[in-house]
1. May I ask which of LYS296/LYS320; LYS2/LYS191; LYS296/LYS345 have a Cα-Cα span longer than 27 Å here?
2. Let me understand segment 125-263 better: what is its radius of gyration from the alpha carbons, and its Dmax, in angstrom?
3. Only Cα pairs under 8 Å and at least 6 apart count here; give the relative contact order of segment 197-310 as a rounded whole percent.
4. Would you give the gap between the C-alpha center of segment 285-299 and the C-alpha center of segment 155-171, rounded to a whole Å?
Amino acid sequence: MKQYADYAPFGADDFLTDPLFREWVARPTPEIDAYWRGLLKTCPHLRSPFEQARLLAQGMQSTWTPFSDTYTQALYQKLQAELSEDKTSVAPKRLFRLVPKWAYASAASLLLAAGLSGYWYFFRERLIQTGNAELTTVMLYDGSVVTLNANSQLRLPGRASWRGQRQVWLSGEAAFAVRRQPGDRTSSFRKFTVHTHRADVVVLGTHFTIYTRPQRTQVLLEEGRIALADPATREIQTMQPGQLAAYTGEENAPLVAQIAPDRQRTLTAWRENRLVFDNASMTELARRFSEVYGLKLILNDKAFIGQEFRGELPVDNLDKALLIVGETFAMNPVRADDQVYFVPK
């Protein structure tokens, strides 16, 4: 069986052509059932494409079952008998009897299955989503790699559209390692575009991180070169490695500044399952908790007034993160649904 990581970039169309998936649909076993449950637990973003593929495959299952030699021989003998009967009959031959009705149904099923499979493979869009405190890595059609932070989503076009233009749509936070691809002309390369609600990031081949939430959008270029394009005015602004472009408020043009490597880590450490804070305000701390863990911190106590937080929190361990915050301010965290209160020790 494949490693779970091999299935990470799969869509419904990929599952439909996977031999193990097809075998499971035709002949499920407890062992394979457990294997798929483990995959979906390890890669939650695959739940939707897996279920879509399963529902579609159930309608195509009969077309996957090969005819046995015994069945094939019996079918051949039946056709031979019908041919012999036609030859001895006085009535005019009816050639259409050589094609039983079930054959038309089978042919129609095959055509329908092929059409649906082709549609799913070439035209269906994919939506990859992450939940609270969840990171996932996706390999795109061209080999580029995207790592999504918690509570983020990435929309991919179908393969047919991708061949014309490499582009994705991002909401949330993601790190990109874009693979360069030759263009149609010598010494040219195909563009790679990331669409956000504030700007289009146009790339040739590079490493960069995008943060795009409702209140702010920012782009950190770590390696290579990119251009920022305003979706409305189409104005272009290029960036150099080590620069951070930030869109705040209603300003159309970003503020671009060179930032030190230690400052960059506060923007990229989430890829290592760490949230790094460097003298962050209570507002910033609460905002990041909401974005990553899906919880609202209630920081009304006087112990938090005028305070700043400096430290690291684990993305994948909420209890430990709350404990660290509580110990820092000598408070005990108390969780109530999606809110967290702090009481003095």
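1. Working: LYS296/LYS320 16 Å; LYS2/LYS191 32 Å; LYS296/LYS345 21 Å.
In this structure, LYS2/LYS191 exceed 27 Å between Cα atoms.
2. 14.5, 45
3. Numbers: 177 pairs, mean separation 19.4, N = 114.
Worked out over segment 197-310, it gives 17 percent.
4. After rounding, the separation between the Cα centres reads 32 Å.
Any read-out appearing in this document is the output of simple, stated calculations on the displayed coordinates, not a laboratory observation. Because the structure is predicted, anything quoted here is derived from the model rather than measured.
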